[in-house]
Amino acid sequence: MGFLNKNVLLITVILIMKVECLLESSFPLTVLPLHFQENPKNHMRIYYSDKSILNQFKYDGYAPLNSSISTSSFGLATPDTDCEVIDTLCPQLTQVFHVTVNGSPRLVGWNELKDNDTMDIVEEAGYVASWPGYCGTSNGALVELFSPLMNAYRYATSNEDILIARWNADRQFWRPTKVIGYLFNASDPVRTVHYPFNSIRPLENVAFNKILLRLRPIIRVKSASGLVAFTTKFGENNRLRDYKFDKVFNISLIDETTNLTVIQDACGKMRLVYEFSNPFTMSYRLKFSDDDPNEEGSFFFSYHSFSYN
């Protein structure tokens, strides 16, 4: 019996070594395509990698029975991906979660979620990569978009999706806020990923060595009496609460929270833009700080952004 137990143990060790050897050169991976459904009445969308997510929001207007399903050509690695892959071979994969924020669904990475008390986890969505090409990922990015007019989030997986939103085709104006990670090609949902897993280093990729800019679009609004105003913070400006959205220009200013020192080192000097209002003529305009504030009897608001000189 002792000899038999030793043989069994030896065979087990050999099998484990063979599995480890295989994992060092390749590993199996399952990709979950990213889907979304849109309510045709209110244009509310829900994005998901697993259909079970719909049950969490079916009473909130996100997935009515008559809504169509759209599927991206990209997806996330399944949450059931082998721990050996996540911990050893591809440690820089980013875990993405389905969460709810004040009842609204979002997709967020673990780094954003771990210290945020306003988000409630619904379910794991899967894994994305830190840069394209890492562990078999594609150039398709999971990009978060935000609409300041709707105070809601959407997601894009292609440049075409971003351009359509950026050019305000649906008059809701979705602007990119961050790249959550890089996705896998979903045309082959069950595949084998081969070594080298780290084939494209960050510094060699066009997605890196870039400056992160948070942009604020210039928005034109109108009052009931026909007065026109221009602003970059329409939803946050109480003085324009009686105005309604009219148009978004395809021109944006750089948000004042951006690291100005880094930008000016690379792009040159920038000028600060202020929002001025005249209480007598009721005019409201964007101006540079060195403009004559008495030109229209204007006074200064704290809302401001930067533009190139």
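All of the numbers you see were taken from the coordinates with simple rules; none came from a lab. Bear in mind that the values here come from a model prediction, so they are computed numbers and not experimental data. Note that each Cβ is placed from the backbone with ideal geometry, even for glycine, and that neighbours are counted across all protein chains shown.
Determine which residues of the stretch 215-233 fall in the zone a paramagnetic label at Met150 would reach in this model, i.e. backbone nitrogen under 18 Å from the point 7 Å along Cα→Cβ.
217
With r defined as the distance between the Cβ atoms of Asp80 and Tyr195 and R0 fixed at 22 Å, what FRET efficiency is calculated, to the nearest 0.05? Before the final figure, lay out each step's value.
On the way: r = 22 Å, r/R0 = 0.99.
Given R0 = 22 Å and the Cβ-Cβ separation, E is 0.50.
How do Ser70, Ser277 rank when sorted from fewest to most other Cβ atoms within 10 Å of their own Cβ?
On the way: Ser70 12, Ser277 20.
Exposure proxy ranking, most exposed first: Ser70, Ser277.
Could you tell me which of the pairs Lys178/Lys233; Lys178/Lys247; Lys41/Lys222; Lys244/Lys287; Lys51/Lys233; Lys178/Lys244 are separated by over 30 angstrom between their Cα atoms in the structure shown? Mind dumping the intermediate values first?
Details: Lys178/Lys233 19 Å; Lys178/Lys247 24 Å; Lys41/Lys222 25 Å; Lys244/Lys287 21 Å; Lys51/Lys233 36 Å; Lys178/Lys244 28 Å.
Flagged as over cut-off: Lys51/Lys233.
Residues in the stretch 95-122 near a label at Asp161, defined as backbone nitrogen under 18 Å from the 7 Å Cα→Cβ point?
95-99, 105-110
Counting other Cβ atoms within 10 Å, which trypsin sites (Lys or Arg not before Pro) in the stretch 59-165 have at most 15 and lie in a DSSP loop?
Working: sites: Arg106, Lys114, Arg154; in loops: Lys114.
Answer by residue number: Lys114.
When a footprinting reagent is the concern and you count Cβ atoms within 10 Å, what order do Arg271, Arg175, Arg220 take, fewest first? Intermediate values should be presented prior to the final figure.
On the way: Arg271 11, Arg175 19, Arg220 15.
Lowest to highest Cβ neighbour count: Arg271, Arg220, Arg175.
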